[in-house]
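Working notes, beginning with the structure itself.
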Amino acid sequence: MTIIGWMQIALVLALVAACAYPLGCYIARILNGERVLLSAMLGPVEGGFYALAGVDTRRGMGWKSYAVALLLLNAVHFLLLYAILRLQWHLPFNPQGLTGMSPTLAFNTAMSFVTNTNWQAYGGETTLSYGSQMLGLTVHNFLSAATGIAAAAALVRAFAAGGLKELGNFWVDLTRITLYLLLPLAIVVGIVLVALGVPMTLSDYASATTLEGAKQTIAVGPVAFQEAIKLLGTNGGGFFNANSAHPFENPSAWSNILEIWALVAISFSLPITFGRIVGDIRQGWALFAVMAVFAVGFLVICYGAEAGGNPLLTALGVDPSLGNMEGKEVRFGTAMSILFAVLTTGTSCGAVNAMHDSFMPLAGLVPLFQMQLGEVTPGGVGSGLYGIIVFALISVFVAGLMVGRTPEYLGKKIQAKEVKLAMLSVLILCFSILGGTAISIVLPVATASLNNAGPHGLSEMLYAYTSATGNNGSAFAGLSADTPWLDITLGIAMLLGRFAYLVPVLAIAGSLAAKPKLPESAGTFPTHGPLFIGLMVGVILIMGGLQFMPALSLGPIAEHFALLAGHTF
């Protein structure tokens, strides 16, 4: 690890921290229905949408109505995206004449983008037309991100007051988040990316003649705008197969800094939004601190593992001073590649500027474990906030058991119903990740996709189901994922990880909203100080360790000790 590397990391983290408070406050104003800077320009557009859709902005929704609206919209859009992917040769903007996807791959991809996973079992530039990229994938990058923030808003409102029967209006939340947050930020970031060299064109693929006289086709397209929302919305689906390691998606060190900032800016701002809406900013900073502790801690572990280099190559005389550079871009180096990897798997983004499959075993363990924790470090836009609130409820329940008091969080009693629903959400993730991996690792139809044997092969399969269930989308690249078995089962894992987790969270919101908001008393456990932050960190680590450490021991940990002993597979 180098001083220059840590200075680069510190610069990006400082930019993220600097925007957390103002952006979090701005998002709170959006969710509260207040006027913001863009209201004068976009207010008529917002009102026009409501008029066309027949939405009564004064009518709120209970948790069941909110959940039905959310699920119905996403079901319709899944079918629309599936049709686009299957029939893309009928759509405009297809200069390469690309045909449609197979049924199983279209199912997997449609489920992937609707659930904010953006797992890509295909090469973007060789499979999808400009029309499919814009009308299908980019649209759903906005939709899935706005859905996550809307769901988080519904849960946050449950703590704002007592005796609530409504959690807001899903259609209003979705519209305001898209118009006033995601779209303006995507336009600004997209313009900056164009200025930094990212293509934004509808022209045909370019053709070049190499020095040897051969013809080379160079893929281009409307990249910059999709790149912006893929990061801001923690989507992660790249225009190109190599994602943000491709020089057209991420051409320089400056674009790399911007992309890393974009993929965590909203996620780290949402705890501040939480504090503003519930009327106690200290609660928001406490959740922010938990996220930051994990992000920095995992960063140190991952950077240390990669900076040491590969001992097998070092024994052969390879200079280890640059660290393990296999699978990394020289223009980014070890430090910024690791920062990107830790933050992209700490969110539900999945964009990559280096190949995680080439990481050292302990460095590869970090992205795996972060996703298995539910991606709350800081988590995806919206999903990270409601995920960490679930852990906060479990933490106050544990604290209540230890001191013999009724658990409370922000004036709301946490009782058996809420704890059962919280644990149901957590166990759904565990069931999908471990169950899917266990079945696939013994079936020849699945193991035929593995390109590595031994512990690393297990890690590849475990990573796939972890990434799908965690709605992340990154992968250990040694897995050939476009097979009927993996297309279907990973698609189901994405569905469970998004909506089977989300519905119990909305049920928790409905239950808590109806309860009275109790004033603080001498016996109230404070949930804004270092003690609670430490308790949450401990609960998250212990729960993650109990669920996933046996599997991790057979995968990356076993590979680490085998590597130290000089064994390869």
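The values are calculated or read from the model by the stated rules, or taken from the named source; none is laboratory data. Every value quoted in this text rests on a predicted model; they were computed, and no experiment measured them. Positions of Cβ are backbone-derived with ideal geometry, glycine not excepted, and every protein chain shown enters the neighbour counts.
Here are a few things to note about the model shown:
Per-residue answers, yes or no, for (1) over 19 Å from Glu375 (Cβ atoms); (2) free of Cβ contacts under 8 Å to residues at least 40 places away in the same chain; (3) charged (D, E, K, R):
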residue	(1), (2), (3)
Leu462	no, no, no
Tyr465	no, yes, no
Gly478	yes, no, no
Ala481	yes, no, no
Leu486	yes, no, no
Glu559	yes, no, yes
Leu563	yes, no, no
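- Applying the criterion of being assigned to a loop (DSSP other than H, G, I, E, B) and on the phi > 0 side of the Ramachandran plot to the residues of the range 449-489, the residue that is surrounded by the fewest Cβ atoms within 10 Å (Cβ to Cβ) is Gly473.
- Those helices (runs of 4 or more DSSP H) of the range 284-399 in which at least 3 residues are surrounded by 20 or more Cβ atoms within 10 Å (Cβ to Cβ), considering only elements entirely within it, cover 333-346, 361-372.
- Number of the exception - Tyr409 against (1) surrounded by fewer than 21 Cβ atoms within 10 Å (Cβ to Cβ); (2) more than 23 Å from the chain's Cα centre (by Cα): (1)
- Count of the range 213-260 residues which are assigned to a strand (DSSP E or B) and in contact (Cβ under 8 Å) with a residue 40 or more places away in the chain: 1
- Listed by first and then second residue, the pairs with beta-carbon distance under 8 Å, at least 6 apart or on different chains, first residue in the range 18-43 and under 13 Å from Ile149 (Cα atoms), second of a type in the set (D, E, K, R) and assigned to a helix (DSSP H, G or I), are Gly24/Arg276; Ala28/Arg276; Ile30/Arg176; Leu31/Asp173; Leu31/Arg176.
So that you can scan it fast, the table gives a plain yes or no per residue for (1) under 21 Å from the mean Cα position of the chain (by Cα); (2) within 18 Å of Gly221 (Cβ to Cβ); (3) not in a loop (DSSP other than H, G, I, E, B):
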position	(1), (2), (3)
Thr126	no, yes, yes
Gly136	yes, yes, yes
Ala146	yes, no, yes
Ala160	no, no, no
Ile177	yes, no, yes
Leu185	yes, no, yes
Val192	no, no, yes
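- Any hit, the range 448-463, residues being more than 20 Å from His356 (Cβ to Cβ) and at pLDDT below 95: yes
- Subset of the range 138-177 (residues that are surrounded by fewer than 20 Cβ atoms within 10 Å (Cβ to Cβ) and within 21 Å of Leu231 (Cα to Cα)): Val139, Phe142
- The residues listed here are Ala262, Ala245; of these, the one that is within 30 Å of Leu31 (Cα to Cα) and of a type outside the set (D, E, K, R) is Ala262.
- Some residue of the range 249-270 being under 20 Å from Thr127 (Cβ atoms) and surrounded by fewer than 24 Cβ atoms within 10 Å (Cβ to Cβ): no
Let's see how each residue does on (1) of a type in the set (Val, Ile, Thr); (2) more than 24 Å from Thr344 (Cβ to Cβ); (3) touching a Ser or Thr at 6+ places or on another chain (Cβ under 9 Å); (4) without any contact (Cβ under 8 Å) to a residue 24 or more places away in the chain:
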{"residue": "Leu81", "(1), (2), (3), (4)": "no, no, yes, no"}
{"residue": "His90", "(1), (2), (3), (4)": "no, yes, no, yes"}
{"residue": "Gln96", "(1), (2), (3), (4)": "no, yes, yes, no"}
{"residue": "Pro103", "(1), (2), (3), (4)": "no, yes, no, yes"}
{"residue": "Asn108", "(1), (2), (3), (4)": "no, no, no, no"}
{"residue": "Asn116", "(1), (2), (3), (4)": "no, no, yes, no"}
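Yes/no per residue for (1) over 26 Å from Tyr180 (Cβ atoms); (2) at pLDDT below 95; (3) more than 16 Å from the chain's Cα centre (by Cα); (4) not β-branched (Val, Ile, Thr):
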{"site": "Ile257", "(1), (2), (3), (4)": "no, no, yes, no"}
{"site": "Val264", "(1), (2), (3), (4)": "no, no, no, no"}
{"site": "Ser269", "(1), (2), (3), (4)": "no, no, no, yes"}
{"site": "Ile272", "(1), (2), (3), (4)": "no, no, yes, no"}
{"site": "Gly275", "(1), (2), (3), (4)": "no, no, yes, yes"}
{"site": "Gly279", "(1), (2), (3), (4)": "no, yes, yes, yes"}
{"site": "Ala289", "(1), (2), (3), (4)": "yes, no, yes, yes"}
{"site": "Val293", "(1), (2), (3), (4)": "yes, no, yes, no"}
{"site": "Asn310", "(1), (2), (3), (4)": "yes, yes, yes, yes"}
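- Some residue of the range 279-302 being in contact (Cβ under 8 Å) with a residue 12 or more places away in the chain, touching a Leu at 6+ places or on another chain (Cβ under 6 Å) and either closer than 30 Å to Met355 by Cβ or of a type outside the set (Lys, Arg) (or both): no
- Search result, residues across the range 520-552 that are loosely packed, with under 13 Cβ neighbours inside 10 Å and farther than 30 Å from Pro407 by Cα: Pro550
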